[in-house]
Structures are given as structure tokens and as C-alpha cells.
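The values are calculated or read from the model by the stated rules, or taken from the named source; none is laboratory data. Please read these numbers as outputs of a predicted model, since none were measured by experiment. Positions of Cβ are backbone-derived with ideal geometry, glycine not excepted, and every protein chain shown enters the neighbour counts. What goes into the accessible areas is simple: the full protein's heavy atoms, side chains included, and nothing from ligands, DNA or RNA. Shrake-Rupley method; radii C 1.70, N 1.55, O 1.52, S 1.80 Å.
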Amino acid sequence: MSLAETKNRIAWIDMAKGYGMLAVIIAHICSGPLHAWIYTFHMPLFFFLSGYVFSNKDKFDAFINKKAKALLIPYFSLGIPMVVFSFLLKLREDKFTVDFAIDLVKDFVLQRRKWTLWYIACLFFLNIIFYLITKFAKKNISKTVIVIGVAFVGLLYYESGGKPLPWNIDACFTAIPFFFGGYILKEFKDKTEKALSKQSICFILFIVFGLINVAFGYLNIKTTGEGLEMFDSEYANPIFTYISAFAGVFAVILFSKFFTLKPIRYIGENSLIYYAWHQTIMIPLTKMGLKFLGFSSPMDISEPYYWIYKLIQLLIIIIVLTVVTLIFEKTKLKILLGKSNKP
């Protein structure tokens, strides 16, 4: 699979997003070492891929309009059902209060690490920040210096006890190196394509980057007791964190180049609904449904039943959200995902 665009989409990016999306869901339904490992790279991967497709060719107002359509419309159209579902859950548990409703709506509007939507809000402002950087700094070396400085400020902010800011603007600072990494890769895509033209090279590099990811992720937890958790603003040892994250990102991209599956690519092409609704809506629903059928949620990850249960839960989430995605994609509802209804 080449870097060439197919129907205005880049094939390997959709594959990588698909694998990344599976990783996000698995990380949210599982615990233990698997959960910790996936967290070393899963969100950096999405920021990296977003940086790869970044373009500053539009004028600023056109750029803002385009990003608002692509990100803000889905934020609210997918977020409002999540708010309603949360209300219904509280009513079901007989715990619904006016204060709960007010706080939830406020959290949704201000968006300070609220649900999986935090990434969509952060990405909107990250695009704007990076647009301004690229207009101010013309050379890549200048961009690199600015990006490192911005990331350093973000890390200092968290080290000093800084809390999430509205619309997760603070997360933009520490996420920008991943976004910039994708941007730089695109700058050298022709050389990259040539270097990775052989499957054997891709496979060897996949193993190398995979080992680096695991090694530095392990060192991070072993030396600090923590790993990367962008949602909670945790970066443990930043050097280990970024090395592990970038290695994991490259490993997923390389894997995407030599192991392709159409269902995975479909998930990558249409990742918004999977990303937004799998945790807040589908995980509670699958637990309730399986409990109704007599299957309780296991806690011991050493038991085979734990993994059987999680596999069933994963399959249900993927199947249901695929059906929902198809409904959106095949009808005028796709406008709610920031897509045009024009043929």
C-alpha cells in the first residue's frame, strides 16, 4: 500500500487510524499490562496522523471555517446524545439531580477533559495553533524550536500543578510534538515511500520500533510508577514518554503498511462515531446487556473468562457502532459528522 491518495483519502492513514481505534476501545475495556501498553502510543498516534494531513494553504478565516465544520459540528452532534444518555443512566439509577445536570452541561460546554470528546476539542485548537506557527516560522528548524519550546512550557505547567483549561487548550502544548512529527513526515513522504518500498524493511523496522516502544514504556513505569496518560495530564519521565510514544506510532504505521484489512480501514475512514460513543455509551450498554443475559463483568485478568468476556464486549461495540456509522454515512445524517451531503 503506497502513500498515494485513494478517493481523496490516504490509504495507510485510514489503516493506522483503524488499528488505533481498535487500540483505544481495547484500552478502555481492559485493564492491566495491555491497558498500560496501549496508552503509551494510542492518543499520540491520532495527533501524529492529524499532523500528516494538516494543510495551511487556506486563508485563516477559511481554515477556521473548515476545521469548525470538520470538528466542532461533530463535537456537538455526537456530544449531545452522550449528555442525554448520561441523564438517562442517572435516572435509571435514581441518582438524577438538577445539580448533576447543570454540572454535566457545564463540563460539556467548557470541555475540560470531558469524555473522549476532549481529543476533538483539543485537536480543533491544536490545528489553529500550528497554523499560526507555520505562518510565523517558514523554515522547519524554526518550527522545531518553537514546538520544543511550546511542549516544554506545557510540561512545566503540569509539573507546577496546572489544571485542564477550557477546551483542553493546555493539552495542545504537550500534544504538538506528535502533530509536528506527522507534519514533518509528510514533508519527506517521497523519501519515506522509497525507503519503505520493501515489505521486509517495513517488518524489520516494525520490530525495532515495537521493541523501543515497549522498552521505554516499561522503563517509564518502572522508574516513575506512571506512564503516559494525556487525559490526566500525566507524562511521567517526559524523555521516556516521548521516545516510547513516537516508537509506538511508527510501529503502528509500519504495521499498517504490510497488514491491511478492509474492515479495519473502514473503521479508520469513519472513526468519529467509534471514538466518541464507544466509552460513554456502548461500554455501559454492553455491560447491562451482558448482565441481563447472565454474564457478569469479570475483574481477574488472569482468568480465561475475563478475556472471553472482553472479546465479546469488543465485538458487540464494533458491530453496533458499525451499523450506526453506516446509517449516518448512507443518509443525510452525515452532515452531523461534518461531511457534505452533496454527491
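Going through (1) open to solvent by 70 Å² or more (accessible area, probe 1.4 Å); (2) in contact (Cβ under 8 Å) with a residue 40 or more places away in the chain one by one, ILE204 falls short only on (2).
Got at least one residue in region 165-185 being of a type outside the set (Val, Ile, Thr), without any contact (Cβ under 8 Å) to a residue 40 or more places away in the chain, part of a loop (DSSP other than H, G, I, E, B) and surrounded by fewer than 18 Cβ atoms within 10 Å (Cβ to Cβ)? Within region 165-185, not a single residue is of a type outside the set (Val, Ile, Thr), without any contact (Cβ under 8 Å) to a residue 40 or more places away in the chain, part of a loop (DSSP other than H, G, I, E, B) and surrounded by fewer than 18 Cβ atoms within 10 Å (Cβ to Cβ). The residue list LYS90, LYS135 contains one member that is open to solvent by 80 Å² or more (accessible area, probe 1.4 Å) and either closer than 22 Å to LYS186 by Cα or assigned to a helix (DSSP H, G or I) (or both), which is LYS135. Counting only helices (runs of 4 or more DSSP H) that fall entirely inside region 15-77 and contain at least 1 residues that are within 16 Å of THR116 (Cβ to Cβ), in contact (Cβ under 8 Å) with a residue 40 or more places away in the chain and touching a helix residue (DSSP H, G or I) at 6+ places or on another chain (Cβ under 9 Å), the qualifying elements are 42-52.
Taking region 301-338 only, how many residues are outside any helix (DSSP H, G or I), β-branched (Val, Ile, Thr) and surrounded by 17 or more Cβ atoms within 10 Å (Cβ to Cβ)?
From region 301-338, those outside any helix (DSSP H, G or I) are 301-303, 330-331, 338; that's our starting set.
This time we only want the ones that are β-branched (Val, Ile, Thr), so: 301, 331.
Still in the running and surrounded by 17 or more Cβ atoms within 10 Å (Cβ to Cβ): none.
Residues meeting the conditions: 0.
Screening SER197 against (1) open to solvent by 40 Å² or more (accessible area, probe 1.4 Å); (2) outside any helix (DSSP H, G or I); (3) within 24 Å of LEU123 (Cα to Cα) leaves a single unmet condition, (3). Tell me, please, whether a residue that is more than 30 Å from LEU196 (Cβ to Cβ), touching a residue at least 60 places away in the same chain (Cβ under 8 Å) and surrounded by fewer than 19 Cβ atoms within 10 Å (Cβ to Cβ) can be found in region 146-161. Scanning region 146-161, I find at least one residue that is more than 30 Å from LEU196 (Cβ to Cβ), touching a residue at least 60 places away in the same chain (Cβ under 8 Å) and surrounded by fewer than 19 Cβ atoms within 10 Å (Cβ to Cβ), so the answer is yes. Taken over region 278-300, the residue count meeting the criterion of being in a helix (DSSP H, G or I) and among the charged types (D, E, K, R) is 2.
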